[in-house]
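Notes follow the structure.
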Amino acid sequence: MKIAFFSLLNLIFCEGLSDMAWLKFYEKSLMNCAVKCHILLYVVVLYAQPTLAQQEIKISTWNMEWLDIKGNTRFKPSLRSNADFSKMSYYFRQIDTPILAFQEVSSKAAIQRVVGENYTIYLSDRSDAKNQHLQFNDINQYTGFAVKNGLSVSDPSDFSLLGDKRRDKLRFATYIILHDRFEQPVHLLSVHLKARCSGKYKSNDNCKTLKKQGVELNRWILQREQSDQPYIISGDFNHNLAYPNDWLWEAIARNSQAHLSTRNVNADCIVRSRNKPNRTHQFRSLIDHMVVSHHFVIDNAKQDLFARDDILRYQLSDHCPLSITLSAVNSH
């Protein structure tokens, strides 16, 4: 594209001017000049378009509910057939996203069966051999990212979201940095926060742990903002952050410019009922979210839903995928 651009400029202004005597130059009609100016304007606009197009990206997040190759009889949702994996892969292809933040995945092999070979997998550091003491013996729930091949990504160390540095088996936040699409690198987290504290704060261990995780996320956000680094935090927060004056959102966003991009997303997801497996269930509030920095404009945000027949026929997940298209503020 660059070669074509400069070749055309050379053709118009260098070769064109060399073929005419300078004395005759001023005798050329204004029409000739206007035509060349229009051509130049067209080329400049055409050359700039790819740069503008790259200032946008789609990000998706999906809790895949005990996704494991073999499954474990202790966790019934983990027992999936080839048909179940194929159907989950079908829904992933429908999303058509270059970046997926995933949760509750036990291995790279398991997530690869869903996303296919055109994606590079970044699995939580908690899955590393050096962190075996932070793993369960039967089946684990890891966070991570699936990134479409061709995108430039670096993989810094994850962190545990526990400020007191406890040696705990709680899920890490997977951390990657995207070096494509935007003028600045974008820092991304895939998170899965503590469960059983989805609403009002209560003085129990679950809520106390969740609050600590919120404080640690806030610390990470403030570090990014201090360096003017764009960021996107995606995943299962196990909490309705969009509730008015929510305590966890206040902890996460304190003294920051963080924006809850899912604030106005409807909770339309329908899944299989746990208590009545032959029936469906719809959640009343959203617990999967994306938190983004002030560098982005939200162009589209929605849940990607399952067909009702597929919900009862296949072992999919108790979460629907969530997708958001973001563009850079300076591209608008």
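All of the numbers you see were taken from the coordinates with simple rules; none came from a lab. Computed from a predicted structure; not experimentally measured. Positions of Cβ are generated from backbone atoms using ideal geometry, with glycine treated the same way; all protein chains shown enter the neighbour counts.
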- Message: With Kirkwood's inverse mean 1/r over C-alpha pairs for Rh, give me the Rg to Rh ratio of segment 57-331, two decimals please.
- Response: 0.93
- Message: Could you give each residue of segment 192-201 its phi-based ³J(HN,Hα) in whole Hz, using Karplus coefficients 6.51, -1.76, 1.60 with θ = phi - 60°, and x for Gly or Pro?
- Response: 9, 7, 4, 8, 6, 8, 7, x, 4, 5
- Item | Residues VAL191, VAL215, sorted so that the one with the fewest Cβ neighbours within 10 Å comes first | VAL215, VAL191
- Query: Within a Cβ distance under 10 Å of GLN303, other residues only, what is the Lys/Arg minus Asp/Glu net charge?
  - Reply: -2
- Using DSSP, restrict attention to beta bridges with both residues in segment 57-331 and report what percent are antiparallel, rounded to the nearest 5. 75
- Query: Roughly how many Å is it from the Cα centre of segment 135-213 to that of segment 227-269, as a whole number?
  - Reply: 14
- Item | Order of GLU65, GLU56 under a 10 Å beta carbon neighbour criterion, fewest first | GLU56, GLU65
- Message: Could you tell me the calculated FRET efficiency between ILE95 and SER256, based on Cβ-Cβ distance and R0 = 22 angstrom, to the nearest 0.05?
- Response: 0.15
- Message: Between LEU170 and SER227, what is the label-point separation in nm under the 7 Å Cα-to-beta-carbon projection?
- Response: 2.4
- Query: Out of TYR243, LEU189, SER327, whose Cα points farthest toward the positive end of the dipole of segment 57-331 (charges: +1 Lys, Arg; -1 Asp, Glu; placed on Cβ)?
  - Reply: TYR243
- Item | Taking ARG284, ARG272, ARG171 and counting other C-beta atoms within 10 Å, the order from fewest to most | ARG284, ARG272, ARG171
- Rounded to the nearest 5, the percent of antiparallel DSSP beta bridges in segment 186-332 equals 75
